[in-house]
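Here's the structure we're looking at; comments come further down.
The values are calculated or read from the model by the stated rules, or taken from the named source; none is laboratory data. Everything quoted here is computed from the prediction, not taken from an experiment. In this analysis, Cβ positions are derived from the backbone assuming ideal geometry, glycine residues included, and neighbour counts consider all displayed protein chains.
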Amino acid sequence: MLPFINPELPCAEIASKLAAQDYVVIKDFLAPAVASHLQQLMLQQPWDLAFSQSRKGQILRAADIAKNPQREQQASAQAWAEQESFRFSYHNIDLVKACIEKRPVAPDLIALLEIFNTPAYHALMAQLTGCSDFTRISAQATWYRPGDFLTLHNDFVHEEQRFFAYVLSLSDRWQASYGGLLHLFDEQGNERAKVVPQFNCLTLFKTPQQHLVSKVIDNTAGARLAITGWLSKPNPVSNSQ
Ligand SMILES: O=C(O)CCC(=O)C(=O)O
Ligand SMILES: [Fe+2]
């Protein structure tokens, strides 16, 4: 049915863990060959830099980074140095935009977005989350390189209702001391989990929920790669002025 997914996922156990703790970490999510293939593709793509400036999201496109590599370092360092509480800097490929705008991204990465939006994959996610209210699953590829980070936020946006977030890690040989950990917090602000990136692990968590990605240190062996997105439903456009 879904040949790219590990056929032996303990779905009932995953669903009950997620219901009980609002997050779950699923090991060996994809068929191993698929995970390795995606990782290799990701390592070969040109990457944009997504960063914040006065709370606003900005994108430095890969082509502009190639022309002026210093700008990348500057943008990332400035985002970190700002006074704002919500700040971020990470490398990404927005697969939704890449698909709509026909950007030259590896076709198998775009195919992933399509696969995530098949009825069979939606049914698997509904089984794991106990939620069938979502109508689409978004996807972006991310690479947190040295200096990259994402401060505390809860994934709430006005445009859509996000029921669950997912992070499919494709990081190899990652160690906790490198940073790049996903920290999840409960309603009282207590840390409920610290997820160390692990190859082919899918973290699913309920949203809104406070979380952050700690800053990646300078010398890492391996790349903090992931495919991330949300199980969501667009909100009706408001007509109010
Ligand atoms: O990559 C992660 O671990 C989480 C990313 C995240 O929270 C986000 O993109 O909103
Ligand atoms: Fe998030």
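Here are some notes:
- Strands (runs of 3 or more DSSP E) contained in region 184-239 and holding at least 3 residues more than 10 Å from ligand 1 (Cβ to nearest atom): 191-195, 201-206, 224-234
- Looking only at region 16-36, residues that are surrounded by 17 or more Cβ atoms within 10 Å (Cβ to Cβ) and either among the β-branched types (Val, Ile, Thr) or under 23 Å from residue 199 (Cβ atoms) (or both) come to 10 in all.
- Every pair of residues 6+ apart whose Cβ atoms lie under 6 Å, when the first sits in region 91-103 and is on the phi < 0 side of the Ramachandran plot while the second is of a type in the set (Lys, Arg): 91/145
- Residue in region 160-173 that is among the charged types (D, E, K, R), modelled with pLDDT under 95 and either assigned to a strand (DSSP E or B) or loosely packed, with under 15 Cβ neighbours inside 10 Å (or both) present: yes
- Flag if residue 151 is assigned to a strand (DSSP E or B) and within 26 Å of residue 105 (Cα to Cα): no
- Scanning region 98-123 for residues that are over 10 Å from residue 139 (Cα atoms) and assigned to a helix (DSSP H, G or I) returns 98, 99, 100, 107, 108, 111, 115, 119, 120, 121, 122, 123.
- Reported count of residues in region 144-201, each being without any contact (Cβ under 8 Å) to a residue 60 or more places away in the chain and polar (S, T, N, Q), is 7.
- Per the conditions (1) more than 15 Å from ligand 2 (Cβ to nearest atom); (2) within 24 Å of residue 131 (Cα to Cα), the sole criterion not satisfied by residue 179 is (2).
- Given (1) more than 17 Å from the chain's Cα centre (by Cα); (2) within 17 Å of residue 201 (Cα to Cα), number of the condition residue 23 does not satisfy: (1)
- The residues of region 94-121 that are in contact with a strand residue (DSSP E or B) (Cβ under 7 Å, 6 or more places away or on another chain) and over 17 Å from residue 50 (Cβ atoms), listed by number, are 112, 116, 117.
- Residue 117 passes every criterion in (1) of a type outside the set (Ser, Thr, Tyr); (2) touching a residue at least 60 places away in the same chain (Cβ under 8 Å); (3) over 27 Å from residue 193 (Cβ atoms) apart from (2).
- Spans of strands (runs of 3 or more DSSP E) in region 19-91 with at least 2 residues under 26 Å from residue 218 (Cβ atoms), at pLDDT below 95 and not β-branched (Val, Ile, Thr): none
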